[in-house]
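The values are calculated or read from the model by the stated rules, or taken from the named source; none is laboratory data. Remember, it's a predicted structure, so these values are computed and weren't measured experimentally. Cβ atoms come from the backbone with ideal geometry, glycine included; neighbour counts cover every protein chain shown.
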Amino acid sequence: MNERKRLPARRQVADDRAMTAAPRKLVALILSGIFPGLGQIYNRQPIKGAAFLAVGGLLSWLVGRAIPLDVDQLMSAPPGISVVLLSCLLLAIWIWSVMTRGGLRSAERIRRAVPAIASASDRTDRRSLRSLR
């Protein structure tokens, strides 16, 4: 009898976590859009976030160094191939950071894992109840 009362409460906890995951995803998306790695850090993935921050920072610095500072020179000559390649690579890292910001994939995995964890603990509870009988 006790089992049946606890099961809906665990489902309620899983539903509550899923409901709070939506705003976290949005904040992580916005942060990843600002700069690669910020969304991952917000979603408690510091290693992945630090990697995106380091690569994004390095590429941003390299693009900034490759672009001429003189406006006349910038307008008279097309950007070099290095600027184009670095910019494309930075854009790819940025898009990858937004797509894997920890909100899209990790939150989905966590949401799927919560019911599995709850059902695993239910099985353990049932076994312990059987052993008491």
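Just to be sure I understand, how many residues within region 55-89 are outside any helix (DSSP H, G or I) and not small (Gly, Ala, Ser)?
Qualifying residue count for the region: 6.
Taking the residues in region 90-111 that are among the basic types (Lys, Arg) and assigned to a helix (DSSP H, G or I) as candidates, determine which candidate is modelled with the highest pLDDT.
The selected residue is ARG109.
Residues to consider are GLY33, GLY49, GLY39; find the one that is under 15 Å from MET99 (Cβ atoms), touching a Ser or Thr at 6+ places or on another chain (Cβ under 7 Å) and assigned to a helix (DSSP H, G or I).
GLY39
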